[in-house]
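Reviewing the structure listed below.
The values are calculated or read from the model by the stated rules, or taken from the named source; none is laboratory data. Just so you know, these numbers come straight off a predicted model, no measurement behind them. Cβ sites come from the backbone with ideal geometry, for glycine too, and all protein chains shown count toward neighbours.
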Amino acid sequence: MNLYKSVVENSQVNDVNHNFKVLVVEDDDVSYLLLHEILSAYPINLGRVYNGEEAIDIFINDKKAYNLVLMDIRLPKINGYDATREIKEINPSVPVIAVTAYAHTQGVIDCFSSGCDEFIAKPFDINKIVKVIEQYLVLRN
């Protein structure tokens, strides 16, 4: 089942007007634009912030602001590890998916240790990122 079909069917069961909200925490414009392009075909409202501090502030103001977070790790101000820890303290149920170019073994371990639910290496496989997002948006909502 593809992401569009899964999300639409799930939305129709729960709420016809429901759109999932995904926060992209990414300081690199090219990476963000690629994610935006991939996800623009789906019933997803995409938000963007440029660093971990902004992401934490969003969840401080509304712990259920987003259904899922795509988190870069190397970020200005507060890195993705620390931002994930803080977000998970505020809302432990929000899935955080690390999307990073730092795919060495220790980096992957650090992502999971900080609370990330999944890890996707850049450059990412489009099918993998769609499959992972589908899994978290459909199965957890």
| field | Residue, modelled with the highest pLDDT, within the stretch 29-48, restricted to residues that are part of a strand (DSSP E or B) and out of contact with any Leu (no Cβ under 7 Å at 6 or more places or on another chain) | value | Arg48
| task | Tally the residues that are aliphatic (A, V, I, L, M) and in contact with a strand residue (DSSP E or B) (Cβ under 6 Å, 6 or more places away or on another chain), restricting the search to the stretch 61-86. | result | 5
| Pairs with Cβ under 6 Å, 6+ apart, first in the stretch 120-138 and of a type in the set (Val, Ile, Thr), second part of a helix (DSSP H, G or I) | Ile120/Ile129; Ile126/Ile38; Val130/Leu3; Val138/Ser6; Val138/Asn10
